[in-house]
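The values are calculated or read from the model by the stated rules, or taken from the named source; none is laboratory data. Because the structure is a prediction, the values reported are computed rather than measured. When we count neighbours, we look across all protein chains shown, and the Cβ atoms used for this are built from the backbone with ideal geometry, even at glycine.
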Amino acid sequence: MSSFDVVSDLRVGHIVEVSGTSVRVELDGSLTELTRSYAGRVYAIGQMGSIVKIHFGRNLVFGFVTLLRMRSEELIEQGKVIPPDADQRIMEVELFAEGVWQTATNSLRFKRGVSIYPLPRQGVHLLTSDEALALYAAAEGQREEEKFSPLVKFGTYAGTEAASCRANIDRMFSMHCAVLGSTGSGKSGAVAAVLHGLLDHRAKEGFPFSPRGIVIDPHAEYGAAFKDRAVIYTAYDPINPEEAEGERVELPYWLMSAEEFRMLVIGKTEQEATSQNNIIYKALTHARMVAANLVDPAPTNFTKPPDDGLDPDVPRPKQGVSQTALDAFDSDKPRPFSLDEFYNHIKYCQAVKNDGTAMSPTEFNQKFRSVIDKLGVLRRDPRIQFLIRNWTIQSIPLSAILSQFVGETEVAAKDLRILDISGLPNEVAGPLTAALARLLFRYKVHQTPTERDRDPLLLVCEEAHRYVPDRGEAEYAEAQNAIRRIAREGRKYGLGLMLVSQRPADIDSTVIAQCGTWLVLRLTNQADQQHVARFLPDGLSGMTKALPNLGQQEAIFVGEGAALPSRIRIDNLSIEKLPKSRNARFAEGWSSIRLTKDELERIADRMAG
């Protein structure tokens, strides 16, 4: 067990400058190599992200190594003459915490931040392996008022193989988090390690632990990693549309707001005239009022409207219903409605003259044809039947739709929900993810405080740059506002957000700035590194210099959910627990026989489907 004693063999240098929490250390001239040996172990000196200590009697100050260079390099940058003796090695350290070793309890009392600053000429020492373990344990130590442990293991601290890295999920998820890394850095594996850590966690002995996590999976990766612990929902399988793996998701069109439904029917590639927008809004309001039993159904043929001086498309309260009820009706709420009723209102209430007869074909084609045609195309598209299947009185209710993502399952221990949206075009994937995000947010808003306390949710968004790009139009444009709102307001209602991306520079700055915890794997793009550095806490941006050189499964872990800003190694997972995201094997593939004519024909049939 460590006692944080002053050991001369662990001294590596002395302080030459203190500037706030930034300290410059001159390494001892006796160091011929950047290693120290102590108690049978060899310790590296000056490694990026490694921790050093400064003694004040029983008090200690801890700091991260952020830079190591020669004194002569500094003089060159300053444009000064290099004297012959300018061969000192300078180590820059960022102070982050202090502690007191308590002999009576044989433990370290840890406190973030620095209240006592060191002085020039004070010695700087390496941490032993045992001291590092004690430091991490003290930093991760639970507060006494926490009855349920929020500390979930998903990795180990670099340089200390025995020191488990545990995330504080209360802080990590309530304040949102981001998992970032270039392609091939192990990003999906890191997400899987965190989720597996959640599933294996027990917050308190004798109590069940059932995480509520919903993963939006655009590449069908995560289903293979959580076969026994997740319910996998699929929207459409382009390979075997009749035999798609997983359960068919039910996210019907009527969950959409009026604006989202308008985007689905009209789309951005067509003329978005005000008259077309009004066509959609009028028909949608009418159809929802019919389902709510406030107005009579639209006619199914051309008939003369009531002689009350109103236009044929104006909603009229049915017998026993007041006009006040219609005026107070909110057509934006997730109320079911029939597409047949929507269609009938357009054709027989809007596309008519005042006497109820059909308007001229020319006028109909100019105003209504494109809306009617697009609706017909959508209803015939097999890829989106989960979305566009017509509502009837026997259809699945809102409570059952919610239960898909947050309710109990028939099979025990299937806590995660994975929504596989692979194979869907962007114009469908966008409204689908928007409907899910909006549904979850509304669900949380309408819970009581007690219900929220019992039912926190985590939404994992892979390929986050598709939803909330920093510039230009989102691939999933309809989901943009929904994800932004969760990022801004979700924490108030117990809805956490995990953004996952290999292109952090392309994520909306407003959204990514809402993340309080960062798990950053290797980033080779300089723009991505600079973008990440902007959002790291003061003094830690220098750690981004290590990002291009991180190994597979190595990461920088910083923020509210991290006990210490640290360089860590993600836990190794067995093959069956890893996402299915392997690269193509060109050498092996090109050594195989080409696809036959029959195989090409089967692929062509699926493409033309």
Flagged in region 137-152 as in a loop (DSSP other than H, G, I, E, B) and either at pLDDT below 85 or surrounded by fewer than 19 Cβ atoms within 10 Å (Cβ to Cβ) (or both), in numbering order, are Gly141, Gln142, Arg143, Glu144, Glu145, Glu146, Lys147, Phe148, Ser149
If we keep only residues of region 488-501 that are of a type in the set (A, V, I, L, M) and surrounded by 24 or more Cβ atoms within 10 Å (Cβ to Cβ), then the residue farthest from Gly186 (Cα to Cα) is Leu495
Listed by first then second residue, the pairs whose first member lies in region 486-504 and is of a type in the set (D, E, K, R), whose partner is buried (at least 23 other Cβ atoms within 10 Å of the Cβ) and in a strand (DSSP E or B), with beta carbons under 9 Å and at least 6 positions apart or on separate chains, are Glu489/Leu495; Arg491/Leu497; Arg503/Leu180
task = Test Ala258 against the criterion of being modelled with pLDDT of 80 or more and in contact with a Cys (Cβ under 7 Å, 6 or more places away or on another chain), and give yes or no.
result = no
Apart from one, (1) surrounded by fewer than 21 Cβ atoms within 10 Å (Cβ to Cβ); (2) in contact with a Lys or Arg (Cβ under 8 Å, 6 or more places away or on another chain) all hold for His55; the odd one out is (2)
Within region 29-46, restricting to residues that are under 24 Å from Pro565 (Cα atoms) and out of contact with any helix residue (DSSP H, G or I) (no Cβ under 9 Å at 6 or more places or on another chain), the one that is surrounded by the fewest Cβ atoms within 10 Å (Cβ to Cβ) is Val42
Taking the condition in contact with an Asp or Glu (Cβ under 6 Å, 6 or more places away or on another chain) and under 21 Å from Val12 (Cβ atoms), does Val124 pass?
no
Within region 375-389, identify whether any single residue is aliphatic (A, V, I, L, M) and on the phi > 0 side of the Ramachandran plot, and answer yes or no. no
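Keeping to region 340-375, report how many residues are of a type in the set (Val, Ile, Thr) and exposed (fewer than 13 other Cβ atoms within 10 Å of the Cβ).
2
Yes/no per residue for (1) of a type in the set (A, V, I, L, M); (2) part of a strand (DSSP E or B):
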| residue | (1), (2) |
| --- | --- |
| Asp9 | no, no |
| Gly13 | no, yes |
| Val16 | yes, yes |
| Glu33 | no, no |
| Arg36 | no, yes |
| Val42 | yes, yes |
| Met48 | yes, no |
| Val52 | yes, yes |
Of the residues in region 200-225, those that are aliphatic (A, V, I, L, M) and buried (at least 20 other Cβ atoms within 10 Å of the Cβ) come to Ile214, Val215, Ile216, Ala220, Ala225
In region 407-427, residues that are closer than 24 Å to Lys333 by Cβ and surrounded by fewer than 15 Cβ atoms within 10 Å (Cβ to Cβ) total 1
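Whether any residue in region 91-98 is over 27 Å from Glu554 (Cβ atoms), modelled with pLDDT of 80 or more and under 43 Å from the mean Cα position of the chain (by Cα) is what I want to check.
To start, the set of residues in region 91-98 that are over 27 Å from Glu554 (Cβ atoms) comprises 98.
If we keep only those that are modelled with pLDDT of 80 or more as well, we get 98.
If we keep only those that are under 43 Å from the mean Cα position of the chain (by Cα) as well, we get 98.
Checked against the condition, which is being over 27 Å from Glu554 (Cβ atoms), modelled with pLDDT of 80 or more and under 43 Å from the mean Cα position of the chain (by Cα), region 91-98 yields at least one hit.
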Contact list, first residue from region 407-431 and under 25 Å from Pro397 (Cβ atoms), second anywhere and assigned to a strand (DSSP E or B) and of a type in the set (Phe, Trp, Tyr), beta-carbon distance below 6 Å, six or more apart or interchain, is Leu419/Tyr233
Flagged in region 577-600 as surrounded by fewer than 11 Cβ atoms within 10 Å (Cβ to Cβ) and part of a helix (DSSP H, G or I), in numbering order, are Phe586, Ala587, Glu588, Gly589, Lys597, Asp598, Glu599
Over region 7-37, the set of residues at pLDDT 85 or above, of a type in the set (A, V, I, L, M) and under 17 Å from Leu67 (Cβ atoms) is Val12, Ile15, Val16, Val18, Val23, Val25, Leu27
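In region 280-321, what residues are assigned to a loop (DSSP other than H, G, I, E, B) and touching a Leu at 6+ places or on another chain (Cβ under 9 Å)? Full working, then the answer.
Looking only at region 280-321, we keep the residues that are assigned to a loop (DSSP other than H, G, I, E, B), and these are 292-294, 296-316, 318-321.
Passing the criteria: Leu294, Pro315, Arg316, Lys318, Val321.
For region 205-238, which positions are of a type in the set (Ser, Thr, Tyr) and not in a strand (DSSP E or B)? Walk me through how you get there before you give the answer.
First pass over region 205-238, keeping only residues of a type in the set (Ser, Thr, Tyr): 210, 222, 233-234, 236.
Scanning region 205-238 gives Ser210, Tyr222, Tyr236.
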